[in-house]
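The values are calculated or read from the model by the stated rules, or taken from the named source; none is laboratory data. What you see is a predicted model, and the numbers here were worked out from it, not measured in a lab. Glycine also receives a Cβ, built like all others from the backbone with ideal geometry; neighbour counts cover every protein chain displayed. With ligands, DNA and RNA removed, areas are computed over all heavy atoms of the protein, side chains included. Shrake-Rupley method; radii C 1.70, N 1.55, O 1.52, S 1.80 Å.
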Amino acid sequence: GSVFGHLARAPEDPILGVTVAYNKDPSPVKLNLGVGAYRTEEGKPLVLNVVRRAEQTLVNDSSRVKEYLPIVGLADFNKLSAKLIFGADSGINIVKQQVIESSNVFSSRNHVICCRDASYCLILCSPAIQENRVTTVQCLSGTGSLRVGAEFLAKHYHQRTIYIPMPTWGNHPKVFTLAGLSVKTYRYYDPATRGLNFQGLNLSCFLHLHGLLEDLGSAPSGAIVLLHACAHNPTGVDPTLGQWAQIRQLMRSKGLLPFFDSAYQGFASGNLDEDAQSVRMFVADGGECLVAQSYAKNMGLYGERVGALSSVCKTADVASRVESQLKLVIRPMYSNPPIHGASIVATILKDRNMFHYWTIELKAMADRIISMRQQLFDALRSRGTPGDWSHIIKQIGMFTFTGLNSEQVTFMTKEYHIYMTSDGRISMAGLSSRTIPHLADAIHAAVT
Ligand code: PLP
C-alpha cells in the first residue's frame with residue numbers, strides 16, 4: 001500500500017472550486033461569476049496593452065539576464081511600489097474642498113490633513129518615504145505578501161492576535177493561522193442594510209452601540225487589524241473617508257497595528273490615488289503599519305504573481321532592521337522572488353508615458369465593472385424582481401454581495417448554469433451586456 005494511503009480527499013478550495021465545477025458543465029449558456037479575474041465584454045481574459053509594450057521593451061533589451069534577484073526582489077520595483085501606494089516622495093498635497101472639522105483634522109510632520117465624508121482632501125505624497133521609514137520587499141502577489149507579513153509578525157511582534165473583518169476573503173483566516181497568528185473577527189457587514197456594520201444601534205439595549213467600532217474598541221491593546229484598503233472582498237462595502245478617519249483615531253488610541261490588504265488599488269474608483277486614501281491616512285499620522293500590495297487585478301498580472309509587502313516604521317533605523325529580519329523570513333521559504341512580473345511593473349511605473357497609458361486602461365476596466373452594476377440593476381428593475389437591489393450599484397470593486405442565500409445559489413447553478421460562491425458573491429468583471437439578461441432571469445426566478 002502507499003505511504004499516503006491513509007489520506008482523505010481534501011475539499012476543493014471554496015473559490016477556485018467554483019471554476020472546477022464550471023469547467024465540467026457542458027451547457028453553452030454557462031456563466032462563471034466565481035473567480036475574481038477581469039474579463040472583457042467578450043468574456044475573454046485581458047492582457048493590458050501597456051503590459052505587452054513593457055514586455056516588448058524587456059525582450060528587446062539584450063543586456064537583461066536571468067540571474068537571481070536579491071532576497072527582497074527588484075530594487076526599482078520596491079521603490080516604485082511604495083510610491084504607488086503611499087504617494088510620491090515629494091510634493092504638496094492637493095486639497096480638494098478643504099473642510100476643517102476639528103475631530104477629523106490631524107497633522108503629520110509635513111502636512112495638515114482633514115477628512116470628512118463628502119468633502120475631502122486627496123493625500124498625494126508621503127512623508128514616510130521622504131524620511132526613509134518605509135521598507136518594501138517584493139513578494140509572490142498579494143497572498144505571498146500577506147503570508148510573509150504574517151510570518152514576520154508571528155515571529156517578532158508582541159501581540160499574535162489578528163482581527164479580520166467578518167466576512168472576508170476566504171484565504172485570510174488560513175494564511176494568518178498557518179503563519180502562527182491567532183485569528184479573531186470584527187463585525188463588518190450588516191446583512192439587514194447590505195452596508196457597513198459600523199456602529200449600528202442595538203435595539204434590544206437602546207444605548208449600547210455595536211458593530212465594527214465596538215469590536216475594535218474592545219480588542220486587546222496592540223492587536224493586529226487586517227483592513228481591506230479598498231473594494232472589500234466579498235462585500236463590495238467600504239467605509240467612507242469619514243468612517244476611515246474614525247477607525248484610524250480609534251486604532252491609534254488603542255495602539256492597534258494596521259495590516260492593509262491592497263489587492264484592488266485603482267479598481268474601485270478607477271483612480272489609483274483615491275483608492276489609496278485609507279492607507280495614506282494611516283501613514284500621514286506618523287504611525288506604523290504594514291501593507292500587502294498585489295498587481296494581479298490592477299495590472300492584470302494574475303499568474304505572474306507580483307506583489308509587495310511594505311512596513312512603515314517610526315524611524316529609518318527600525319525600518320532597516322525590519323528589512324533585515326524580513327530577509328530571514330523569505331530566504332527559507334522561496335529564497336528570492338521571480339524576475340519577470342516585477343520587471344514588467346517596474347518598466348511601467350518608471351516610464352511617464354507607460355504609467356499614463358496604464359491609468360487609462362485601468363480606468364476602462366473599472367468603468368466597465370461600474371457599467372455592469374448599472375445594467376444588472378436596470379435589468380432586475382425592468383423585470384420587477386422583488387426586493388431592493390440598490391446595493392448592486394452602491395457596492396464597490398470587482399464583486400457584488402447579492403444577498404442571495406446558498407439555496408438560491410444552488411438553484412441558479414442547477415437551473416441556469418450560473419456559477420458563484422455559495423455566499424452569493426458574484427464577480428461583476430465576469431459579466432457582459434450579453435450575459436446580464438440571463439443572470440437577471442436567474443436571480444428573478446431564484447427570489448420569486
Ligand atoms: N486579498 C484579497 C482581498 C483578494 O481578493 C485577493 C485575490 O482575490 C488577494 C488578496 C490575493 O490575490 P493575489 O495573491 O492573486 O494577488
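For the residues T400, T413, the requirement of being surrounded by 18 or more Cβ atoms within 10 Å (Cβ to Cβ) and in a strand (DSSP E or B) singles out T400. Of the set (1) in contact with a Leu (Cβ under 9 Å, 6 or more places away or on another chain); (2) exposed (fewer than 13 other Cβ atoms within 10 Å of the Cβ); (3) among the charged types (D, E, K, R), all apply to K350 but (2). Criterion applied to K30, K66 was being open to solvent by less than 70 Å² (accessible area, probe 1.4 Å) and more than 16 Å from the ligand (Cβ to nearest atom), and the one residue passing it is K30. Counting only helices (runs of 4 or more DSSP H) that fall entirely inside the stretch 138-242 and contain at least 2 residues that are touching a Gly at 6+ places or on another chain (Cβ under 7 Å) and within 12 Å of the ligand (Cβ to nearest atom), the qualifying elements are 141-156.
Any residue at all in the stretch 298-312 that is away from the ligand (no atom under 13 Å from the Cβ), open to solvent by 30 Å² or more (accessible area, probe 1.4 Å) and basic (K, R)? If you could, list the steps in order and put the result at the bottom.
Applying the first criterion (away from the ligand (no atom under 13 Å from the Cβ)) to the stretch 298-312 yields 310-312.
Subsequent filtering for residues that are open to solvent by 30 Å² or more (accessible area, probe 1.4 Å) retains none.
Among the residues of the stretch 298-312, not one is away from the ligand (no atom under 13 Å from the Cβ), open to solvent by 30 Å² or more (accessible area, probe 1.4 Å) and basic (K, R), which makes the answer no.
Applying the condition of being of a type in the set (S, T, N, Q) and in a loop (DSSP other than H, G, I, E, B) to the stretch 262-294 and asking which residue is nearest to the chain's Cα centre (by Cα) yields Q265. Beta carbons closer than 8 Å, at least 6 apart along the sequence or on distinct chains, pair a first residue in the stretch 249-272 that is closer than 18 Å to A82 by Cβ and of a type in the set (S, T, N, Q) with a second that is away from the ligand (no atom under 11 Å from the Cβ) and part of a loop (DSSP other than H, G, I, E, B) for Q265/L272.
Filtering the stretch 335-361 to residues that are part of a helix (DSSP H, G or I), out of contact with any helix residue (DSSP H, G or I) (no Cβ under 8 Å at 6 or more places or on another chain) and touching a residue at least 12 places away in the same chain (Cβ under 8 Å) leaves only T359. Reported count of residues in the stretch 13-53, each being aliphatic (A, V, I, L, M), over 25 Å from A231 (Cα atoms) and part of a loop (DSSP other than H, G, I, E, B), is 1.
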